[in-house]
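The values are calculated or read from the model by the stated rules, or taken from the named source; none is laboratory data. Please read all numbers here as calculations on a predicted model, not as lab measurements. With ideal geometry, Cβ positions are generated from the backbone for all residues, glycine too; neighbour counts draw on all protein chains shown.
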Amino acid sequence: MRATGLLLVVALVGGCSSGSGGGGGSSGSGSGTQVACVTTSGNGAQGCTILKDLSAAAESDATKNCQGTVANDCPTAQLVGCCNIAPQTSGQVPQEICFYTGTTSSLQSTCGTALHGSWSATQ
C-alpha cells in the first residue's frame, strides 16, 4: 500500500501545478485564493490537490494545468486524510494533498517522510 500511496502522491502533484519550480511561472503572493484539482486514476482511485495563497496569475495557471476537475475544495466523501505541505523554497505555495484510498498509517508516514508535511484526518 505504501508504494501505491506514494505513486498517487506523485500523480497528484503532477496533475495540478501553480507553475512554480523548474519551468518558472507564477507563484503565490498570499492573496488567499486557492484552487483544488480533483483527479481520478485509471483504476478509479480519486485524489485531490489544493494549491493555496495564489496570486491571480498563479490561480489562472493552476486552473489551466489541472489534469482533472477544478473545484474550490476537495471532496470529503471517502476521505482518508490530507497532507499539508508548507513551501520549501521561495516561489512555492502551500498545498494540501488529499487521499481517498490507502491506509492512514502508510499515508501518514509518506506525508511526513517523503513530503515533509503534516497529516490531518480532515481537510
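Filtering the stretch 57-82 to residues that are out of contact with any Ser or Thr (no Cβ under 7 Å at 6 or more places or on another chain) and either assigned to a strand (DSSP E or B) or small (G, A, S) (or both) leaves S60, T69, A71, A77.
Restricting to the stretch 106-119, count the residues that are assigned to a helix (DSSP H, G or I) and in contact with a helix residue (DSSP H, G or I) (Cβ under 9 Å, 6 or more places away or on another chain).
Selection size over the stretch 106-119: 5.
In the list T49, T33, which residue meets the criterion of being within 13 Å of Q95 (Cα to Cα), of a type outside the set (A, V, I, L, M, F, W, C), modelled with pLDDT of 50 or more and crowded, with 21+ Cβ neighbours inside 10 Å? Spell out the reasoning first.
On the way: T33 fails: crowded, with 21+ Cβ neighbours inside 10 Å.
Criteria check complete, one pass: T49.
Per the conditions (1) modelled with pLDDT of 95 or more; (2) outside any strand (DSSP E or B); (3) of a type outside the set (S, T, Y); (4) buried (at least 16 other Cβ atoms within 10 Å of the Cβ), the sole criterion not satisfied by G102 is (1). Applying the set (1) more than 24 Å from G44 (Cβ to Cβ); (2) at pLDDT 95 or above; (3) in contact with a Ser or Thr (Cβ under 6 Å, 6 or more places away or on another chain) to I97 leaves exactly one unmet item: (1).
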